[in-house]
1. Please list the non-local residues whose amide H lies under 5 Å from the amide H of ILE139, H modeled 1.01 Å from N, same-chain partners needing a gap of 5 or more.
2. With 10 angstrom as the radius, rank GLU182, GLU77, GLU230 by how many other C-beta atoms surround their C-beta, starting from the fewest.
3. If the limit is 32 Å between Cα atoms, which of LYS126/LYS209; LYS91/LYS279; LYS111/LYS190; LYS133/LYS279; LYS126/LYS193; LYS142/LYS206 go over it?
4. Using amide H atoms built 1.01 Å from N in the peptide plane, name the residues 5+ places from ALA249, or on other chains, whose amide H lies under 5 Å from its own.
5. Could you give each residue of the range 255-262 its phi-based ³J(HN,Hα) in whole Hz, using Karplus coefficients 6.51, -1.76, 1.60 with θ = phi - 60°, and x for Gly or Pro?
Amino acid sequence: KKRKEKKIVENFSTLFSPNKKEKKTVDFLALKDQNMKNQTKPAFVHVLLIFSALFHSYSTSVSAQEVEDENEFSYSEESGKGPSQWGNIKKEWSACKTGKIQSPIDIPSRKAKVIKNPGRIEMLYKPTEFIVKNRGHDISLKIHWLKSAGSIKINGTEYFLQQAHWHSPSEHAIDGRRYALEVHLVHQAKDPKVKHNLAVVGLLYKYGKPDAFLSKLLGNISATNDQIHEKPLGFVDPTHIDIRMGGKAYYRYIGSLTVPPCTEGVIWSVQKQVKQVSKEQVHAIRVLVHDVSKDAY
């Protein structure tokens, strides 16, 4: 991608209110998959397709380590800073080149293996103050550094929500198919000694009806011409991204961050059921990062 002009959001305050319904659902795991960062070097990882209880409730950070400024790297190989070169740009990014369990991957659904009793997953999100940021390669919602938007628990370990961001087209594929859009909810454990310190929930979107959350978000975004900008949104309820509407099953595997420094050991949970988003919404997101070349997805 070329260097982008950045966007900011205006007055997003109090758009959402907490939904206090508790709801159960289930989830999934798959088996082995191909790293999509560099298609010439397939990497295989264990992907789980888990079934377990998912509980939504409400109660009451550390950086997720992703690079914030796309000026440091690019998605265009012609720039000399594309994905095949990420591991050469900085020593700290060497995992992008030498990592063995890199994300994103192409998930082979027919190799999915059902895990019946993987342990309970709890979602403990709550409304809090967010900041919107255009990072050049995606649109990101970050939690105000003094606030908390709650957490999820995976096998007893609590991971606190750090941010949510949207990529278009999707980074993950299922059976070779990439989708129009993908959202990542990035979580981090407070204890740095936890074996898997980061946990990301991913949802894929196909073209269809407009997504209600994105309608509200995009309705409050406007352009600016400087470097990366961020602006407070006010209170946002993460549950309105509607993870529970993504279905009762998801794919689980251990992978990495999808941008530098490509940190490995990330717990990925990619929803099996695909959500819907309108073509207009996807186009609007691509316009925000000045990348309308992929509207064919």
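1. TRP166
2. Listed from fewest to most nearby Cβ atoms, that is GLU77, GLU230, GLU182.
3. LYS91/LYS279; LYS111/LYS190
4. Here LYS272, GLN273 satisfy the definition.
5. After applying 6.51 cos²θ - 1.76 cosθ + 1.60, I find x, 9, 5, 8, 10, x, x, 6 Hz.
Just so you know, all these numbers are worked out from the coordinates, no wet-lab data involved. Predicted, not measured: the structure shown is a model, and the values here were computed from it. All Cβ positions, glycine included, derive from the backbone under ideal geometry; neighbour counts span all protein chains shown.
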